[in-house]
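Visitor: Supplied in structure tokens, the structure appears directly below.
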Amino acid sequence: MFIAFISINSIFSQKNAISGQIYNNSDVVPFVNVYLKKTKIGAASDEKGFYQLKNIPKGDYTLVASSIGYKTKSIKISIDENQKITQNFSLVEDSSLDEIVISGTLKPVTKSNSSVPIEVYSKTFFKKNPTPSIFESLQNVNGVRPQLNCNVCNTGDIHINGLEGPYTFVLIDGMPIVSGLSTVYGLTGIPQALIERVEIVKGPASTLYGSEAVGGIINIITKKPSNSPALTTDVFASSWGEINTDIGLRYKVSEKVQGLLGVNYFNYQNRIDNNDDGFTDLTLQNRISLFNKINIERESNKVFTIAGRYVYEDRWGGEMDWEKEFRGTDIKYGESIYTNRWETFGTYELPTSENINFQFSANGHYQDSFYGTDAYDAEQLIAFGQFVYNKQIKEKHDLLLGVAYRYTFYDDNTFATFEEDGITNKASVTHLPGVFLQDEISLNKQNKLLVGARWDYNSLHGSIFSPRVNYKWNSKNNADIIRLSVGNGFRVANVFTEDHAALTGAREVEFDGELDPETSWNANINYVKKINTENSFITLDASAFYTYFNNRILPDYETDSNKIIYANLDGYSVSKGVSLNTDITFTNGLAINLGATLMDVSITENDIKTRQLLTESFSGVWSISYKLHHNFTIDYTGNVYGPMRLPLLGKNDTRDEYSPWYSIQNLQLTKNFNNSWEVYGGVKNLLNFTPADNSINNSRNPFDKGIDTEQNPELAFDPSYVYASNQGIRAFLGVRYTIF
């Protein structure tokens, strides 16, 4: 009788099952461990986030979903006879756990084990304040400020710890993509539907990444085709008339070849002049970007990925009644820029027993533009390749050896590419071979020392040597981490590709002598404290930084108000400060991210110390999110900036020398439906802050007709007095749809 009962119970239990799908917001989460506590019944979710548990005996259980990077979730569940239950899980990212990072050492390590301090921002972070470009998305990252450089065409660059955009090195999947011409015009059009995370390293990284990585690096990591949903769409519009569309599509060419296609389209054609200066408050834009990434599976599990991107953009700003027939004339003032840009990059792991990677990238940038009557036509081609060899020796030494080569071709129609006769055009060609070596030494379980050096040979400027030293200490439980770093930076400047002010407005550009390469030394100390309580996870991240520049090249607006004079600084420049980040995640659905940076960026020349232009002494950011009932989420994000010194046109300029304290704040409400649909909307720039109405000087006479600007410089047309967007308060509404 007992045996018969057991047999009948076994038959019924075979029909008992629990199944469902695991997701995070609208994204599926693959490879999650799902199990019944205190039993041996369990399974992992597949690539589409689905799981199924079978043959479950009748009873009461605790169903658990667990995965690295997410908070473990438990649900009480009862199984009766012959019952099939559907139970989905919505997992929340756990900021207290380690992310895998690559930007600090060129190889994947957990964030806590990295000798280099790295900040990681996931795709979820950027969804809290959706924007049409990665340039704008970084406005809520502590110590990072997207800086607009022109009131007319609204182009800009990214500042890190007070250092201008040319010192920020932007990578896509670890490859140098955004530099030179694209420092100003290449930061838009990266499909955000394809971004997995963004890694930020503050301070010189020239040892690994070569010149230009002086202020820091921003590494945009795109999704892997194998881990991406079949389809992602994200479309939103604002009350100003902006329309942005992001599409991501996973496809399979064969069993071993998978691809990921991304499309970004942004359009804004609404002429608005709320400050009544006769000029567009926001530049009109029509932009499309295509991105394709292919992953090829190899029998040896060696890596082989290749990707490409194409961007076309037509943007213009200017007088409200400007039309295309006025392009390049002095009838109506407009700044019109046509940009064509292509990129390709990839990684191929050599079929050897040793760990050797070949990484490559290439890009072409073509620009046809007019700034009033001034034409600027430019072409840039960059090719880059490097072999990286990684070798572990006796668990103590982790060696990294690399050989790199970079080719740069640049040509434009300015005097920067003329021969000495001032007539004959001569394109600039630069060859930059280099070699780098890094050794990460594990002194013991709590102490690491990283030493590295790089040697490059610039065909125009000769040898470049860039060393660095990093030291890391952690407590036994990894709750406390201290990192110290010292490094050298090096950069060759190209004024016309990097500084928009050299092309716009009425000022004459002048070079005071040959421009020598810039060099810098940086020191940084970083302390991380993790506190886990029963109801919260808290991370405190504090840093102090100091950067000293020799030969720094800065635009001089003040010696002669009719000119922008570029020269190597006869003195030195210092950027120093402290920053603090705080991440607090509560188990009740509340998440808080706060950050503040206090800094002093100064220039000392002829024993006179002055504060650097367009640099705030204080900035703060915040992001507060709370998950409500019925899959509603509310996000409150914002930033605040202290006064910046601004470029004036002499002592009689009526504009304020310093910008005011200001804050840009945003509010968003999101609703999830059925794991696939997501609707969001809200208000941007809640306080409706915009700069002063007279920011564009003499906007009613942009060609300075009838004015002697030598005698009266304060009457000249000048759009370079800019620190924030003229775009005021606006509502937005968007929808995301995902097929897993």
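Each value in this text was obtained by applying a stated rule to the coordinates, not by laboratory testing. Predicted, not measured: the structure shown is a model, and the values here were computed from it. Neighbour counts are summed over all protein chains in view; Cβ atoms, including those assigned to glycine, are modelled from backbone coordinates with ideal geometry.
Visitor: Under unit Cβ charges (Lys, Arg +1; Asp, Glu -1), what dipole magnitude, rounded to 20 debye, does the chain have relative to its Cα centre? Display every interim value, and only then the final one.
Guide: Working: 66 positive and 84 negative charges, 1031 e Å.
About 4940 debye.
Visitor: Can you return the aspartates and glutamates within cross-link range of residue 530? Criterion is Cα-Cα under 14 Å, with same-chain partners fewer than 8 residues away left out.
Guide: Qualifying aspartates and glutamates at Cα under 14 Å: 94, 98, 480, 541, 583.
Visitor: A follow-up question, please. Which parts of segment 129-148 would a label at residue 667 reach, counting a residue when its backbone N lies under 13 Å from a point 7 Å out along Cα-to-Cβ?
Guide: Those under the cut-off are none; the list is empty.
Visitor: Obtain the nm distance between the two label points defined at residue 310 and residue 87 by a simple spin-label model: each point lies 7 Å from its Cα along the Cα-to-C-beta direction.
Guide: Between residue 310 and residue 87, the simple spin-label model gives 5.0 nm.
Visitor: Divide by every residue of the chain the summed helix terms, -39500 (n - 2.57) for each DSSP H run of at least 4, and state the resulting mean residue ellipticity at 222 nm, rounded to the nearest 500 deg cm²/dmol. Could the numbers behind the result be given before it?
Guide: On the way: 6 runs with 34 residues, N = 740.
Value at 222 nm, helices only: -1000 deg cm²/dmol.
Visitor: Shape call for segment 219-739 from the C-alpha gyration tensor, a ≥ b ≥ c root eigenvalues: rounded (a/c under 1.5), prolate (a/b greater than b/c) or oblate?
Guide: rounded
Visitor: From the residues 132, 23, 348, which one has its Cα farthest along the dipole of the chain in the positive direction, the dipole being from +1 and -1 charges on Cβ of Lys/Arg and Asp/Glu about the Cα centre?
Guide: 23
Visitor: Cβ neighbours within 10 Å, averaged per peptide: list 465-473, 651-659 in order, most packed at the top.
Guide: 465-473, 651-659
Visitor: Could you check the spin-label model distance between residue 33 and residue 403? Points 7 Å from the Cα along Cα→Cβ, value in nm.
Guide: Going by the 7 Å Cα→Cβ label model, 4.4 nm.
Visitor: Next question, about the same structure. Using Cα atoms only, what is the angle between the long axis of helix 2-14 and the major principal axis of the chain, expressed in degrees (0 to 90) to the nearest 10?
Guide: The angle comes out at about 20 degrees.
Visitor: Using label points projected 7 Å from each Cα along Cα→Cβ, tell me how many nm separate residue 377 and residue 48, to one decimal.
Guide: Reported label-point gap for residue 377 and residue 48 is 5.3 nm.
Visitor: Continuing with the same structure: So how do 38, 202 line up by other beta-carbon neighbours within 10 Å, fewest first?
Guide: The order, fewest Cβ neighbours first, is 38, 202.
Visitor: Take 45, 112 and order them by how many other Cβ atoms sit within 10 Å, fewest up front.
Guide: Taking fewest neighbouring Cβ atoms as first place, the list is 112, 45.
Visitor: Which residue, 598, 674, 322, has the largest displacement toward the positive end of the dipole of the chain when charges sit on each Cβ (Lys, Arg +1; Asp, Glu -1)?
Guide: Comparing the listed Cα positions along the dipole, 674 ranks first.
Visitor: Here's another thing I want to ask about it. Report the FRET efficiency, 1/(1 + (r/R0)^6), for residue 700 and residue 437, where r is their Cβ-Cβ distance and R0 is 60 Å, rounded to 0.05.
Guide: 0.50
Visitor: Antiparallel versus total DSSP beta bridges in the chain: what percent is that, nearest 5?
Guide: 95 percent
Visitor: Continuing with this model, one more query. Can you tell me the length gained on complete extension of the stretch residue 419 to residue 634, counting 0.36 nm per residue apart and subtracting the Cα distance?
Guide: Taking 0.36 nm per residue and subtracting the Cα distance, the gain is 71.5 nm.
Visitor: Excluding residue 624 itself, what net charge comes from residues whose Cβ is under 10 Å from its Cβ, given Lys and Arg +1 and Asp and Glu -1?
Guide: On the way: positive: 128; negative: 635.
In short, 0.
Visitor: At a Cα cut-off below 15 Å, give the aspartates and glutamates reachable from residue 609, other chains included and same-chain residues fewer than 8 away excluded.
Guide: 556, 558, 570, 600
Visitor: In terms of Cα to Cα distance under 17 Å, which aspartates and glutamates are near enough to residue 54, apart from those fewer than 8 places away along the same chain?
Guide: 46, 80, 81
Visitor: Would you work out which of 646, 621, 633 lies farthest towards the positive end of the dipole of segment 613-673, given +1 charges on the beta-carbon of Lys and Arg and -1 on that of Asp and Glu, about the Cα centre?
Guide: 633
Visitor: Cross-link list 224/476; 394/448; 71/127; 256/302; 202/684; 332/426: which exceed 24 angstrom alpha carbon to alpha carbon?
Guide: 224/476; 202/684; 332/426
Visitor: How much length is gained on full extension from residue 486 to residue 224, taking 0.36 nm per residue of separation minus their Cα-Cα distance?
Guide: Here the answer is 90.9 nm.
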